[in-house]
Amino acid sequence: MMHLPNHWPYIAASYALTLGCSVVLGLGAALRLRKSKARLAAVEGHARRRERSAS
Amino acid sequence: MRPTPNLLHRYANPGQFLRLAHALLPWLSSGAILFLVVGVIWGLFIAPADWQQGDTVRIMYVHVPMAWLASSCYLGLAICGVLSLVWRHPLADLAAIEIGPVGACAAALCLITGSLWGEPMWGTWWVWDARLTSMLVLFFLYLGHIALIRAFDEPARGQRAAAILALAGVIDLPIIKFSVQWWNTLHQPDSITLTGAPTMSMMMLWPLLITTIGFTLGVAAVIFTRLSAAIHESRARQLLARSRLDRRDSQVA
């Protein structure tokens with residue numbers, strides 16, 4: 001095999017960027033789902049309490 | 001409005017979709033993690049170096065999946081566009097809003113990892129080659145879609161305009177795919193085709209397939225999660241709006 005210079009910084013940068021972005025997207029989506037579920041539960045609870053007090 | 005086919009009709013119900021997403025998400029995420037761990041270790045440390053490119057060929061194991069995902073997500077946007085324009089599928093517009101940024105991320109990563117490969121191999125970060133340029137156009141189409149779908153005060157107008165853009169932009173997908181055959185490009189021709197045998201060693205093909213499956217499962221999990229979150233947010237907004245209306249009615253009475 002012919003001698004090639006060290007290209008590991010390029011390889012490391014590619015993997016770090018791709019895996020880093022994937023982790024950020026995945027964690028971001030999971031946190032958003034958790035937050036939206038909690039918010040919906042709070043709004044539904046509030047609506048139920050209002051209905052009960054109105055009746 | 002045309003009648004919706006049965007399968008589409010079933011998942012037009014957000015509750016039904018949430019149940020499906022809840023059942024699929026653990027499998028998609030654990031599959032993604034498993035395939036990515038195996039694929040990345042195989043691609044980085046076990047797969048052989050190329051006789052011409054040396055270790056730089058390892059960038060292919062993340063670059064090719066990103067290219068595949070950028071194109072697939074855009075096809076997903078176009079399908080959502082058809083579902084929205086023809087059948088007024090209630091989840092299609094929400095799905096388009098959530099797929100756009102994920103696809104844009106994949107397209108950006110494809111361009112960046114391609115540049116990181118091009119600098120040591122071609123001696124330049126960028127050339128106005130047909131494959132690279134058509135992929136850059138796809139990235140701009142994503143940005144246009146993301147901007148357009150949020151650009152109007154009335155969401156339905158933005159969603160309709162973005163659906164039309166998604167359908168018009170689909171012409172870029174065959175251009176990306178066949179650019180290396182139609183034009184004399186610096187980018188190498190496809191190593192994997194549906195009709196012919198792959199032109200790369202199986203020792204390189206396996207990690208490529210494994211990382212591609214891993215990233216595909218991961219993106220599916222992210223899109224399902226984002227769409228589920230969007231449905232919850234939309235329900236919360238509707239409930240809040242209704243309670244505000246009720247309060248106003250009771251004040252008037």
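Read-outs: derived from the displayed coordinates by stated rules, not from any lab. Source: prediction; values computed, not measured. Glycine gets a Cβ as well: all are built from the backbone with ideal geometry, and neighbour counts include every protein chain shown.
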Exercise. Using θ = phi - 60° and the Karplus relation 6.51 cos²θ - 1.76 cosθ + 1.60, list the HN-Hα couplings for the range B:57-67 in order, rounded to whole Hz, with x at every Gly or Pro.
Key: 4, 5, 4, 4, 5, 10, 5, 5, x, 5, 5
Exercise. Compute the Cα gyration tensor for the range B:205-253, then decide on rounded, prolate or oblate, letting a ≥ b ≥ c be the square roots of its eigenvalues: rounded whenever a/c is under 1.5, prolate when a/b is larger than b/c in the other cases, and oblate in all that remain.
Key: prolate
Quiz item: What is the percent of Cα-Cα separations in the range B:85-180 that go past 22 Å?
Solution: 37 percent
Practice problem: Would you please give the FRET efficiency between B:Trp128 and B:Trp206, computed as 1/(1 + (r/R0)^6) with r the Cβ-Cβ distance and R0 = 51 Å, to the nearest 0.05? | Solution: 0.90
Practice problem: Describe numerically, in nm with one decimal, the distance between label points set 7 Å from Cα along Cα→Cβ at B:Leu143 and at A:Leu27. | Solution: 2.7 nm
Quiz prompt | Simple Cβ-charge dipole of chain A, Lys/Arg +1 and Asp/Glu -1, about Cα centre, in debye nearest 20 | solution = 600 debye
Self-check item: Zero-based 5 Å bins, Cα pair distances in the range B:24-101, whole percents
Solution: 3, 13, 14, 15, 16, 13, 10, 7, 5, 3, 1
Quiz prompt | Rg and Dmax [Cα atoms of the protein assembly as shown; Å; Rg one decimal, Dmax integer] | solution = 22.7, 87
Quiz item: Which percent of Cα-Cα pairs in the range B:1-144 sits in each 10 Å bin, short to long?
Solution: 10, 29, 30, 20, 10, 2
Exercise. Can you find, among B:Ile175, B:Leu91, B:Leu77, the residue farthest towards the positive end of the dipole of the protein assembly as shown? Put +1 on the C-beta of Lys and Arg, -1 on that of Asp and Glu.
Key: B:Leu91
Practice problem: Note down the magnitude of the dipole of the protein assembly as shown about its Cα centre, charges +1 on Lys and Arg C-beta and -1 on Asp and Glu C-beta and zero elsewhere, to the nearest 20 debye. | Solution: 1840 debye
Quiz item: Simple spin-label model, 7 Å along Cα-to-Cβ: A:Ser55 to B:Leu18 in nm?
Solution: 2.0 nm
Practice problem: Just name one of A:Ala12, A:Ser55, A:Leu33: the one whose Cα is farthest towards the positive end of the charge dipole of chain A (beta-carbon charges, Lys/Arg +1, Asp/Glu -1). | Solution: A:Ser55
Practice problem: Report the convex hull volume per residue for the range B:132-226, counting only C-alpha atoms, in Å³. | Solution: 128 Å³
Quiz item: Given labels modelled 7 Å from the Cα in the Cβ direction, how far is it in nm from A:Ala12 to B:Leu136?
Solution: 2.9 nm
Practice problem: Mind listing the long-range amide H neighbours of B:Phe152? Cut-off is under 5 Å, sequence gap 5 or more, other chains count too, H placed in the peptide plane at 1.01 Å from N. | Solution: B:Gly158
Practice problem: Could you pull out every residue, at least 5 positions away or on a different chain, whose amide H is within less than 5 Å of the one on B:Leu186? Hs are placed 1.01 Å off N in the peptide plane, and Pro or chain starts have none. | Solution: B:Ala130
Self-check item: For chain A, convex hull of alpha carbons as volume per residue, Å³
Solution: 46 Å³
Practice problem: Would you kindly derive the ³J(HN,Hα) couplings of the range B:68-77 from the backbone phi angles with the Karplus curve 6.51 cos²θ - 1.76 cosθ + 1.60 (θ = phi - 60°), listing them in order in whole Hz, with x for Gly and Pro? | Solution: 4, 6, 4, 5, 5, 5, 5, 4, x, 4
Practice problem: Would you mind listing how long the range B:57-100 runs along its three principal axes, going by Cα atoms, in whole Å with the largest first? | Solution: 45, 15, 9
Practice problem: In whole Hz, with x marking every Gly and Pro, tabulate ³J(HN,Hα) for the range A:6-19 from phi via Karplus 6.51 cos²θ - 1.76 cosθ + 1.60, θ = phi - 60°. | Solution: 6, 10, 4, x, 5, 5, 4, 4, 4, 5, 4, 5, 5, 5
Quiz item: What do you get when you divide the Cα radius of gyration of chain B by 2.2 N^0.38 Å, with N the number of residues?
Solution: 1.19
Quiz prompt | Percentage relative contact order, chain B, counting C-alpha pairs under 8 Å, at least six apart | solution = 31 percent
